[in-house]
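The structure appears below as structure tokens.
Every read-out reported here was derived from the displayed coordinates using simple, explicitly stated rules and does not represent laboratory data. Quick caveat, the model's predicted, so the values are computed rather than measured. Counting neighbours? That spans all protein chains shown, and the Cβs are built from the backbone with ideal geometry, glycine included.
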Amino acid sequence: MSNNGINYIDVLADLRGRREKLDIAIAAIEEIVDSAPKRETAPVLPPRAITSPGTVIGLSVPAVGPYSGMTVIGAAMSFLRNAGSPRDTKAIVKGLLSGGFHTNSKSFYRTLYNTLNSNLDKEITRNKNGAWGLKEWGEN
């Protein structure tokens, strides 16, 4: 059986390099259709051991996902880039939290809204429907 000159080691390395971008794209599409089940990327533990996302009885589990370890504005901008079009505050909150963003805020919606609002005309824009976009997109 001939491989027709295909270097499968290089192909495999390329696919592995694209995996993270594919996972981000899948998460963005799941947000759009809002009906696909969310994929857990954290270690699988018995249900009784999990008390809340990122918290396991007796263990500290780091947030896992494309937005873990990012600032609010950095994560929001990354989410919007991946989404490719303007999104409302609720969609951004949902996308960031399902993408591993960790917050101790009592009202993350309000925190995100205020952060986006303070970055208006710098990196963020807002259209007439109230959806947030990226200034780099031009008119949204």
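Descriptive notes on the structure:
- All positions within the stretch 67-100 that are touching an Asp or Glu at 6+ places or on another chain (Cβ under 7 Å), crowded, with 18+ Cβ neighbours inside 10 Å and either among the hydroxyl-bearing types (Ser, Thr, Tyr) or farther than 22 Å from Gly138 by Cα (or both): Gly95
- Residues satisfying the stated conditions in the stretch 74-104, i.e. within 17 Å of Ala131 (Cβ to Cβ) and more than 12 Å from the chain's Cα centre (by Cα): Gly84, Ser85, Pro86, Arg87, Asp88, Thr89, Lys90
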